[in-house]
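Asker: Can you keep this structure in mind? I'll have questions shortly.
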Amino acid sequence: MSILSEAQAKAILTKVVGFSKADECTAQLIGAIRGNVRFARNDVSTAGITDNIELSVQVAFGKRIGTATINQFDDAALERVVRRAEELAKLAPENPEFMPAVTKQTYMKTDTFSASTAGIDAAYRAKVATDSIGPCRAEKLIAAGYLEDQAGFVAFMNSKGNYGYQTSTSADYTCTVRTEDGRGSGWVGHNVQDVANFNAGEDIRVAMRKASASAEAKALEPGKYTVILEPAAAAGLIAFMMFFFDARSADEGRSFLSKKGGGNKLGEQVYGPQVTMFTDPAYPGAAVLPWDDGDNLPRKKMPIIQNGKLVNMNYSRFWSQKQGKPEQAQFGNIIMEGGTKSTADLIRTTERGILVSRTWYIRMVDPQTVLLTGLTRDGTFYIENGQIKYPVKNFRFNESPVIMLNNVEEFGKPVRVKSDESDMVMVIPPMKLRDFTFTSLSDAV
Amino acid sequence: MGVGGLVLPSMFGKVIAAEELSSAIDVAVKKALADAAMNAAKSAGASYCDVRVGRYLRQFVITRERNVENVVNTESTGVGIRVIANGAWGFAATNDMTKEAVAKAAGQAVAIAKANAPGQSAPVQLAPVTGVGEVSWRTPIVKNSMTVPIKDKVDLLMGVNAAALDAGASFIRSILFLVNEQKYFASTDGSYIDQDVHRIWAPMEVTAVDKATGKFRVREGLSAPMGLGYEYLDGAASGKTVLPNGVIVYGQSYDMKEDAVAAAKQAMAKIKAPSVKPGKYDLVLDPSHTWLTIHESVGHPLELDRVLGYEANYAGTSFATMDKLKANFQYGSDKVNIVADKTQPGSLGAVSYDDEGVKTKKWDLIRDGKLVGYQAIRDQAHIEGKTASDGCAYADSWSNVQFQRMANVSLEPGKAKLSVADMISNVEDGIYIIGDGSFSIDQQRYNAQFGGQLFYEIKKGKITQQIEDVAYQIRTPEFWNGCAGVCDASDYRLGGSFFDGKGQPAQVSAVSHGSSTARFNGINVINTARSLG
């Protein structure tokens, strides 16, 4: 039931918009089947499936907005939800920043659905768990992991003629492997839209190797080090920084992208010349919906940072209009350019440094400079003369991604990763960075 | 993994009309759905089944400066069914509120359990619970927030925002966040428990910008999310405490407009305040700050699922391992007494029964500084050697499975009479911290770093000036063993979070933490100021 065909969705939306007597009406259907299996202590701990579909209706009378939702789809229910939204709109105060619904848009094609992911069932999930647990049991290691898969659709229509329908899938696998004595820990993550090439039995070997290799960690003094951040480790810092790419905040003087004396840093060299970042809804392997969540504006490929210069920020429709800028969709994904080297290649050219497998519990310390704090986790190693010498105890860092991206030695080959800090699809390279600031040691394994 | 910040309402369910906020699903209907699910589960081979019929109502009024950005009513209704079959757990949920749909979901849950059973090394063991039949409970509120007219709420926030802007703030964002969880739990143990849970939160963020220097500072509100009705916003004098430096903090009642004016002035003062000199200080921590340190460095590490490794892949494990419980590990100084409590009036976590149908209670975690207990639920109790759950299972939605969540975990006030002024008068070189700020802690809860909203230098027993750029770093056992005193019960207040995150799929829960002002000696303070050139 949760994935309606385009014809089914269009028929419901057409009725809903037709019922409205408001100045404008936008209706949206979202449905998904979400399955998961979670395991820990080398056993499955929970497993489940959730089936949900919702219809939301937003109407406006002048600058007054009301929204209501329902999950029944007979004609009486559809009319009732429209009337409820209209009642709420009449109660709401006017919003001076109200923006009318967009007119008919043209959306690019993006490849967001995979039949193999949509076909995942309880037996598949159980196999992922056993493929992860089995090798760990055999080598006296302990696995704790999680697979979540989702297949769903989104469809919308408004009274100004705009319409869209798209199906999508995703799967996210993570597993932490610990040694029995708790002295070693490793992690692996695999975030994909298509599970055709996913093999938990292969992935688990990465986490197992890191778990075994990270035991017997030595303590290094905190301080500034050359680091190699694996993509999963870099993603958390980059994702956090992207929360603060709002043009309005910058123009209002309360962002790291604000310019002293007023305005923002568009066009300025904010990062090192190696840094280039863009968003592209059709990016192979990291495609997203071709419209944004808020206003259904069409997403398109757009540069954000070019050779270290800031070339785009996120503009709300209201702020675009106020600043005389063309309307643009909010970023749907983040793609960073890199090189061709693997993490292992970056290690080989490092005289002294720290390899960070994963970062953890990243939080803002000072928004003025995007100073972030967080910790390393699940595999931190000392590098000397191009080789991993020994595991080291985890560090707390206090570092700004802006400073970090001004201290780039080299980027490796970008890969798709999912950050703990954000649901945004990201393609991030491994990064070799100088003078990364660790401020204390952690005893945590 | 930890507490979160402000979250957009879209993640909380569908949006509904105002008139539905005072209604509830008929208990007979909920019982019929629960019985249909349990019968189907048993027929399919389940040895145990519980059913949660949930209706989750939330209302948001979101403003910035002189505009109301949105007024949103959301509802999420559905049924979650958890079963044990062949010794393994299975879970399925549906928003289709028909007997046929819940029976089908029950069958899916059993099928999932059976698919996972062959790989299990041992069957699930549940601590016993005696069914309580049909019972009900409601948060003891005075005013149901959901039925207060929208106009009153808009007028309140517009008044708050105007007061802050008139007092010199450059920007203000204020929100009312109101929650009503209508939760019905039934299980094959023979319980049918209907609970009506209410919570309220009124956060704000006041920003001052100095365009000449390009500096900006934010002072967040000093309120706490509470398990109270709209009466929390009455601003009663009995809820106010004036601290020795003149800062006003709040207990069971909040004066939002008064706090907004203070926030505007203090945000401007933060821009000009001198930067802290890093080093070791004695910290005097107000309860509006300490709640978060308790949450991260005591509440989480003493969750048994973390201790056992169930959260190893996401939220992490715990340094407070079971051998430390057996040895009554010296977690803190003898001034440190910490309790878990799912019954505390006005707290976010207060309910009569948890989401496994277990009667809630209060119990010791740390007594005279020694570790004496964890927080455990039904399928973990036997691992700790206990015969009963502590009653701290929770699910944030009908669509998510219940699991172990933190109870209200609080530092007991000192038994001897001690005021905040008296405590400060004995501090030679210290920092007084008010309000919660930045927070981060490692996956075993050893190394943590905390900021705050307001920082004041203490020299020779006197508060000398407001300072900035303060964060302190701790190693949990050393920090709590550095606790040199806790003020008496007259200073006891609650803080808390609406968004304590944990689990996969990630769930949030609301939890309170109480304390009186407390002193911690010899804590490492860093300076967080940086330059982007």
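The values are calculated or read from the model by the stated rules, or taken from the named source; none is laboratory data. All of these numbers come straight from a predicted model, not from anything done at the bench. Cβ coordinates were reconstructed from backbone atoms using ideal geometry, including for glycine residues, and neighbour counts include every protein chain displayed.
Asker: Under 33 Å from the mean Cα position of the chain (by Cα), assigned by TED's automatic domain parsing to the domain that holds B:Y230 and polar (S, T, N, Q): is that true of B:T74 in this structure?
Answerer: Spelling it out, B:T74 is indeed under 33 Å from the mean Cα position of the chain (by Cα), assigned by TED's automatic domain parsing to the domain that holds B:Y230 and polar (S, T, N, Q).
Asker: What strands (runs of 3 or more DSSP E) lie completely within the stretch A:254-370 and have 2 or more residues being over 20 Å from the mean Cα position of the chain (by Cα)?
Answerer: In the stretch A:254-370, the matching strands (runs of 3 or more DSSP E) lie at A:352-366.
Asker: How many residues are of a type outside the set (K, R), more than 14 Å from chain A (Cβ to nearest Cβ) and farther than 14 Å from B:N521 by Cα if we restrict to the stretch B:427-460?
Answerer: The total comes to 5.
Asker: Specify which of the listed residues (B:D379, B:D436, B:D355) is in contact with a Phe, Trp or Tyr (Cβ under 6 Å, 6 or more places away or on another chain) and part of a loop (DSSP other than H, G, I, E, B). So that I can check it myself, show each step before the final result.
Answerer: Working: B:D379 fails: in contact with a Phe, Trp or Tyr (Cβ under 6 Å, 6 or more places away or on another chain); B:D436 fails: in contact with a Phe, Trp or Tyr (Cβ under 6 Å, 6 or more places away or on another chain).
Answer to the selection: B:D355.
Asker: Here are A:A122, A:A144: which of them is within 12 Å of chain B (Cβ to nearest Cβ), crowded, with 19+ Cβ neighbours inside 10 Å and more than 21 Å from A:R358 (Cβ to Cβ)?
Answerer: A:A122
Asker: Now for a different question. Restricting to the stretch A:242-253, give me the number of residues that are touching a residue at least 12 places away in the same chain (Cβ under 8 Å), outside any loop (DSSP other than H, G, I, E, B) and within 12 Å of chain B (Cβ to nearest Cβ).
Answerer: Result for the stretch A:242-253: 3.
Asker: Follow-up. B:G522 fails exactly one of the following numbered conditions: (1) more than 23 Å from A:R363 (Cα to Cα); (2) within 23 Å of the chain's Cα centre (by Cα). What is the number of that condition?
Answerer: (2)
Asker: Something else: Quick check on the stretch A:181-238: of everything there that is closer than 26 Å to A:S168 by Cβ and in a loop (DSSP other than H, G, I, E, B), which residue is nearest to the chain's Cα centre (by Cα)?
Answerer: This residue is A:Q193.
Asker: Here's another thing I want to ask about it. Determine, yes or no, whether B:A111 is touching a residue at least 60 places away in the same chain (Cβ under 8 Å), at the interface with another protein chain (Cβ under 8 Å from one of its Cβ atoms) and assigned to a helix (DSSP H, G or I).
Answerer: Here the answer is yes, as B:A111 does meet what is asked.
So that you can scan it fast, the table gives a plain yes or no per residue for (1) of a type in the set (F, W, Y); (2) in a helix (DSSP H, G or I); (3) closer than 27 Å to B:A113 by Cα:
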residue	(1), (2), (3)
A:T130	no, yes, yes
A:C136	no, yes, yes
A:A143	no, no, yes
A:Y146	yes, no, yes
A:M157	no, no, no
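Asker: Separate question: Among the candidates B:L325, B:L304, single out the residue that is within 20 Å of the chain's Cα centre (by Cα), at pLDDT 95 or above and either away from chain A (no Cβ under 11 Å) or closer than 30 Å to B:A169 by Cα (or both).
Answerer: One residue alone meets the criteria, B:L304.
Asker: Name the helices (runs of 4 or more DSSP H) wholly inside the stretch B:220-315 in which the number of residues that are outside the structural domain of B:Y492 (by TED's automatic domain parsing) is 2 or more.
Answerer: Helices (runs of 4 or more DSSP H) meeting the threshold: B:256-272.
Asker: Having 1 or more residues that are under 24 Å from the mean Cα position of the chain (by Cα) and assigned by TED's automatic domain parsing to the domain that holds A:P231 is the bar; report the strands (runs of 3 or more DSSP E) wholly within the stretch A:382-422 that clear it.
Answerer: Fully inside the stretch A:382-422 and qualifying: A:395-399, A:408-411, A:415-417.
Asker: OK, next. From the list B:D436, B:D500, B:D429, which one is touching a residue at least 60 places away in the same chain (Cβ under 8 Å) and more than 16 Å from B:H295 (Cβ to Cβ)?
Answerer: Values: B:D436 fails: more than 16 Å from B:H295 (Cβ to Cβ); B:D500 fails: more than 16 Å from B:H295 (Cβ to Cβ).
None of the other options fit; the residue is B:D429.
Asker: Can you tell me which condition B:A421 does not meet? The list is (1) under 20 Å from the mean Cα position of the chain (by Cα); (2) surrounded by fewer than 19 Cβ atoms within 10 Å (Cβ to Cβ), and all the others hold.
Answerer: Unmet for B:A421, out of (1) under 20 Å from the mean Cα position of the chain (by Cα); (2) surrounded by fewer than 19 Cβ atoms within 10 Å (Cβ to Cβ): (1).
Asker: Then there is this: In the stretch A:36-55, what residues are more than 24 Å from the chain's Cα centre (by Cα), facing another protein chain (nearest Cβ under 7 Å) and part of a strand (DSSP E or B)?
Answerer: A:A40, A:D43, A:V44, A:S45, A:T46
Asker: Only one of these conditions is not met by A:G18: (1) more than 18 Å from B:N400 (Cα to Cα); (2) facing chain B (nearest Cβ under 7 Å); (3) surrounded by fewer than 24 Cβ atoms within 10 Å (Cβ to Cβ). Which number is it?
Answerer: Checking A:G18 against (1) more than 18 Å from B:N400 (Cα to Cα); (2) facing chain B (nearest Cβ under 7 Å); (3) surrounded by fewer than 24 Cβ atoms within 10 Å (Cβ to Cβ), the one that fails is (2).
Asker: For the stretch B:139-161, name all the residues that are within 14 Å of another protein chain (Cβ to nearest Cβ) and among the small types (G, A, S).
Answerer: B:G159
Asker: Here's a follow-up. Just to be sure before I move on: is A:V417 touching a strand residue (DSSP E or B) at 6+ places or on another chain (Cβ under 6 Å) and modelled with pLDDT under 95 in the structure I sent?
Answerer: Judged against the criteria, A:V417 is a match.
Asker: Can you pull out every residue in the stretch B:468-484 that is touching a residue at least 60 places away in the same chain (Cβ under 8 Å) and within 14 Å of chain A (Cβ to nearest Cβ)?
Answerer: Initially, the stretch B:468-484 is screened for residues touching a residue at least 60 places away in the same chain (Cβ under 8 Å), giving B:468-470, B:472, B:474, B:476-477, B:479-484.
Passing the criteria: B:E468, B:D469, B:V470, B:Y472, B:I474, B:T476, B:P477, B:F479.
Asker: Does A:V192 fit the bill of being in contact (Cβ under 8 Å) with a residue 60 or more places away in the chain and assigned by TED's automatic domain parsing to the domain that holds A:K389?
Answerer: Here the answer is no, as A:V192 does not meet what is asked.
Asker: Could you please let me know if B:E296 is within 12 Å of chain A (Cβ to nearest Cβ), touching a helix residue (DSSP H, G or I) at 6+ places or on another chain (Cβ under 6 Å) and touching a residue at least 40 places away in the same chain (Cβ under 8 Å)?
Answerer: Details: within 12 Å of chain A (Cβ to nearest Cβ): yes; touching a helix residue (DSSP H, G or I) at 6+ places or on another chain (Cβ under 6 Å): no; touching a residue at least 40 places away in the same chain (Cβ under 8 Å): yes.
No: the conditions fail for B:E296.
Asker: What are the residues in the stretch A:83-101 that are modelled with pLDDT of 90 or more and more than 7 Å from chain B (Cβ to nearest Cβ), if any?
Answerer: Listed by number, the residues that qualify are A:E94, A:F98, A:M99, A:P100, A:A101.
Asker: A further question on this structure: Here are A:D111, A:D74: which of them is among the charged types (D, E, K, R), without any contact (Cβ under 8 Å) to a residue 24 or more places away in the chain and more than 8 Å from chain B (Cβ to nearest Cβ)?
Answerer: One residue alone meets the criteria, A:D74.
Asker: For B:I112, are the conditions met, namely being closer than 25 Å to A:E54 by Cβ and surrounded by fewer than 22 Cβ atoms within 10 Å (Cβ to Cβ)?
Answerer: Against the criterion (closer than 25 Å to A:E54 by Cβ and surrounded by fewer than 22 Cβ atoms within 10 Å (Cβ to Cβ)), B:I112 does not qualify.
Asker: Out of everything in the stretch A:65-80 that is small (G, A, S) and assigned to a helix (DSSP H, G or I), what residue ends up being farthest from A:T26 (Cα to Cα)?
Answerer: Looking at residues that are small (G, A, S) and assigned to a helix (DSSP H, G or I), I get A:A76.
Asker: In the set B:L418, B:L348, which member is in contact with a Cys (Cβ under 8 Å, 6 or more places away or on another chain) and part of a loop (DSSP other than H, G, I, E, B)?
Answerer: B:L418
Asker: Could you check, for the stretch A:23-35, whether at least one of its residues is under 15 Å from A:A151 (Cα atoms), within 11 Å of chain B (Cβ to nearest Cβ) and charged (D, E, K, R)?
Answerer: Checked against the condition, which is being under 15 Å from A:A151 (Cα atoms), within 11 Å of chain B (Cβ to nearest Cβ) and charged (D, E, K, R), the stretch A:23-35 yields at least one hit.
Asker: If you scan the stretch B:118-143, which residues turn out to be of a type in the set (G, A, S), surrounded by 12 or more Cβ atoms within 10 Å (Cβ to Cβ) and modelled with pLDDT of 95 or more? Can you show your working first?
Answerer: Step one: filter the stretch B:118-143 for residues of a type in the set (G, A, S), giving B:119, B:121-122, B:127, B:131, B:133, B:136.
When the remaining residues are screened for being surrounded by 12 or more Cβ atoms within 10 Å (Cβ to Cβ), the result is B:119, B:127, B:131, B:136.
Those that are of a type in the set (G, A, S), surrounded by 12 or more Cβ atoms within 10 Å (Cβ to Cβ) and modelled with pLDDT of 95 or more: B:A127, B:G131, B:S136.
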